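Report on the following structure.
The values are calculated or read from the model by the stated rules, or taken from the named source; none is laboratory data. Model, not experiment: these values are computed from the prediction. All Cβ positions, even for glycine, are placed from backbone atoms using ideal geometry, and neighbour counts span all protein chains on display. The accessibility values were calculated without ligands, DNA or RNA, using every heavy atom of the protein model including side chains. Shrake-Rupley method; radii C 1.70, N 1.55, O 1.52, S 1.80 Å.
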Amino acid sequence: MSNLLIHSMSEFSDVILGVLHAAGARNLAEVGAEFGGMSQQLAAYAEVTGGSLTSIDPCPKQEFLDWVAKCPSVRHVAAPSLDAMSDVSDVDAWVIDGDHNYYTVRNELRIADENAKRDGKPLLAIMHDVSWPCARRDFYYAPDRIPGEWLHPHSFDGGVTIGAPGVRDHRGFRGNGQFAVALHEGGAKNGVLTAVEDFLEEARTPERPLAWAHIPAVFGLGILFDSTAPWAAEVAQVVHPYHDNKLIASLELNRLRNYLTVIEWQDQQAA
């Protein structure tokens, strides 16, 4: 089923690399490598600009490990993001596509912000999965890493569908044991977009306004940046045509509904 649905952050590579170029970013840090598709493009960009790439992922796919073993210019940190991020310094831009839940994302943004202040740099964070299905529902690759008070009731067998706040056992969009989904969509401290919004509410100040752009395609790309940065206008120019674009959102909704229909057909055939 996964082959029918484009899902990778690398689908946004032109936008991401355009943002990095507009910001003059050189030293990059990536959270979540998976197969390394986006990692390879970030590494190539860093090499051209004379910068560096640090990739944080406790258990990436073998394809990434094979590639990074042949790429000495890339530093791979095999640890969870919240354990590793504070030790990474001099980061011009974060590219975040790790565990898609409120607790993890909220703290990833907090640490990225603390690092930016510590190192005297404007904050620039590029994030995946800010739209459905993770926008308002936690997904957990490793629920044992989430403190109990932040962990929603969840299921590794449940699937999700558009417009349904609950889950369906072995039906809908699901992880087939690879990840768990919260049993309910919405509410406080639930989902990636909720984490971003809460971080912005806390971190924004009149002296340090933070800008946010949301590209509603391929599960959603978010770009969060310090609007007082000298490059802020250039970054805004790159992302503005895509921000909350109604046509893009309509195409994404159609794509997801078609995909969910295919899953339903396959489930019926398997039954």
Largest to smallest accessible area among W94, W132 [probe 1.4 Å]: W132, W94
Test item: Cα-centred dipole of the range 131-186, Lys/Arg +1 and Asp/Glu -1 on Cβ, debye: 200
Potential lengthening between E149 and S13 on full extension [0.36 nm per residue; Cα-Cα distance subtracted]: 45.4 nm
Size of electric dipole in the range 51-158: Cβ of Lys, Arg +1 and of Asp, Glu -1, about Cα centre, debye, nearest 20: 180
DSSP beta bridges in the range 52-193 [antiparallel fraction, %, rounded to 5]: 50
Partner lysines for K246 [C-alpha distance under 27 Å; skip if fewer than 8 residues away on the same chain]: K189
Carbon plus sulfur fraction of accessible area for the chain, probe 1.4 Å, in percent: 52
Per-q log10 I(q)/I(0), the chain, q = 0.13, 0.15 Å⁻¹ (Debye; single scatterer per alpha-carbon; no solvent): -0.86, -1.15
Dmax and Rg, reported as Rg then Dmax, of the range 1-47 (C-alpha, Å): 11.7, 39
Given charges at Cβ of Lys, Arg, Asp, Glu: the range 71-223 dipole, positive-most of T161, A195, A180: T161
Label-to-label distance, nm, for residues given as A142 and Q266 (7 Å Cα→Cβ offset): 2.7
Listed residue (F64, A79, L28) projecting farthest to the positive dipole end of the range 18-91, Cβ model: L28
Accessible surface ranking that places the most exposed of E63, E252 first, with a 1.4 angstrom probe: E63, E252
Cα-derived Rg over Rh, computed across the range 133-268 with Rh taken as Kirkwood radius: 1.03
Spatial separation of Cα centroids for the range 141-196 and the range 1-49, in angstrom: 26
Dipole magnitude (debye, nearest 20) for the chain, charges at Cβ of Lys, Arg, Asp, Glu: 340
Probe 1.4 Å, protein heavy atoms only - accessible area per residue of the chain in square angstrom: 47
Charge tally in the Cβ shell below 13 Å around Q266, where Lys, Arg are +1 and Asp, Glu are -1, Q266 excluded: 0
Beta bridges by DSSP in the chain, antiparallel share as percent, to the nearest 5: 55
